[in-house]
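Scroll down for the structure; my scribbles are underneath it.
The values are calculated or read from the model by the stated rules, or taken from the named source; none is laboratory data. What you see is a predicted model, and the numbers here were worked out from it, not measured in a lab. When we count neighbours, we look across all protein chains shown, and the Cβ atoms used for this are built from the backbone with ideal geometry, even at glycine. Side chains are part of the model used for accessible areas, which takes the heavy atoms of the whole protein and leaves out ligands, DNA and RNA. Shrake-Rupley method; radii C 1.70, N 1.55, O 1.52, S 1.80 Å.
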Amino acid sequence: MSPVHPHPDRRSPLVLEVHELARRTGAMKQVSTTVPAPADLGIHMIGVPHGSDIELGLRLEAVTEGVLVTGTADVQLHGQCSRCLDDIEGEASFDLQELFFYPGHEVEEDESVVVDETIDLEEALRDAVVLELPFTPLCEEDCRGLCPECGVNLNDDPEHSHGQRVDPRWEKLADLGGDAPN
Ligand SMILES: [Zn+2]
Ligand SMILES: [Zn+2]
């Protein structure tokens, strides 16, 4: 038995009309559009901010079994470095490819279908983005992280170490008769 697919929410910017393709195998349509990111498009330490712009560059092609969607989604990323906990801001491009089967085709649970001459890209987008995001995002490839003893950010203070009674910089300043740095 085919799983039940809910009727598309046509107000969703991720629902696209495909009736023009009208099951004419080989017919094609290019779609370039900017849509707001759906909620929860990410994993715990990094993701696409809800409502931020996603630029979609897609090709919709009628094939024998359905509508094949290929293209890219350019997104903003916001997250936190898993080593130093600094903010990460960036952009990324993800490849999308999904075949939406015509009604009547026996589909598996995780397969997509054309419903009422529309396709809903949300699940395909979610899979394309979420599966590619790093579980341990880094601000820099060689981020030094935090001092395990006092938690100071080692990127800001690469010479940082413990076990000395007096910080050498303070000693130097003391010699010069200056004030200790704050
Ligand atoms: Zn970092
Ligand atoms: Zn420390």
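When the solvent-accessible surface of protein heavy atoms is calculated with a 1.4 angstrom probe, in what order do Arg11, Arg24 fall, highest first?
Largest accessible area first, the residues go Arg11, Arg24.
Taking 37 °C and 0.692 mPa s as the conditions, I'd like the Stokes-Einstein D for region 1-81 in µm²/s, using the Kirkwood hydrodynamic radius from alpha carbon pairs.
Taking Rh from Cα pairs, D becomes 223 µm²/s.
Stokes-Einstein D for region 85-170 at 25 °C, 0.890 mPa s, Kirkwood Rh over Cα pairs, in µm²/s?
Working: Rh = 17.8 Å.
Roughly 138 µm²/s, to the nearest whole number.
What span do the alpha-carbon atoms of region 61-129 cover on each of the three principal axes, reported in whole Å from largest to smallest?
Principal axes ranked by extent give 52, 22, 17 Å for the Cα atoms.
Among residues other than Met28 whose Cβ falls under 9 Å from its Cβ, what is the net charge (Lys/Arg +1, Asp/Glu -1)? Don't skip to the answer; put the middle values down first.
Details: positive: Lys29, Arg59; negative: Glu61.
Once positives and negatives cancel, what remains is +1.
What share of all Cα pairs of the chain, in percent, falls into each consecutive 10 Å distance bin?
Pairs per bin, as whole percents: 8, 27, 23, 14, 10, 8, 5, 3, 0.
Along the positive direction of the dipole of the chain (beta-carbon charges: Lys, Arg +1; Asp, Glu -1; about the Cα centre), which of Val31, Leu131, Ile43 reaches farthest?
Val31
Relative to the Cα centre, what is the charge dipole magnitude of the chain, using +1 at the beta carbon of each Lys and Arg, -1 at the beta carbon of each Asp and Glu, and rounding to the nearest 20 debye?
220
Once Lys and Arg get +1 and Asp and Glu get -1 on their Cβ, which of Gly145, Leu21, Ala73 lies farthest toward the positive end of the dipole of the chain?
Leu21
Run through all the Cα pairs of region 25-64 and give the fraction in each 10 Å bin from 0, expressed as whole percent.
28, 32, 26, 14, 1
Given the whole protein assembly as supplied and a 1.4 Å probe, what does the accessible area of Ile43 come to in Å², nearest 10?
40
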